[in-house]
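No lab work stands behind these numbers, since they all come straight from the coordinates. Since the model is a prediction, treat every value here as computed from it, not as a measurement. All Cβ positions, glycine included, derive from the backbone under ideal geometry; neighbour counts span all protein chains shown.
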Amino acid sequence: MLAAKVNALVQGRFNVSFEDIRKVAVPALRHRLILNFEAEAEGLTTDAILQDILEKVPKSADQPVTA
């Protein structure tokens with residue numbers, strides 16, 4: 001969240017947008033995921049998992065969150 005806040009401030013905004021969160025999520029969270037053996041055997045990467053999660057984040061506050 002702090003990185004998203006900084007990103008918004010750098011762009012001259014005081015509020016954080018969904019796009020700010022998308023922009024900083026992968027670099028900020030990449031090192032926090034540890035893949036188990038099954039995920040590694042299937043060829044999954046932490047970036048792919050995070051991208052899948054971010055696709056479910058709404059584009060705006062008006063859109064519902066997808067499951």
**Report entry** Filter result for A8 (in contact with an Asp or Glu (Cβ under 7 Å, 6 or more places away or on another chain), outside any loop (DSSP other than H, G, I, E, B) and without any contact (Cβ under 8 Å) to a residue 24 or more places away in the chain)
**Finding:** yes
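Could you run through the stretch 11-67 and say how many residues are in a helix (DSSP H, G or I) and of a type in the set (A, V, I, L, M, F, W, C)?
Looking only at that region, the number is 15.
Residue-by-condition table, conditions (1) within 12 Å of the chain's Cα centre (by Cα); (2) of a type in the set (A, V, I, L, M):
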| position | (1), (2) |
| --- | --- |
| L2 | no, yes |
| G12 | no, no |
| N15 | no, no |
| E19 | yes, no |
| V26 | yes, yes |
| L54 | yes, yes |
Report task. Please list, ordered by first then second residue, the pairs with beta carbon atoms under 8 Å, 6 or more apart or interchain, first in the stretch 14-43 and under 24 Å from M1 (Cβ atoms), second surrounded by 15 or more Cβ atoms within 10 Å (Cβ to Cβ) and of a type in the set (K, R). Result -> V16/K5; D20/K5
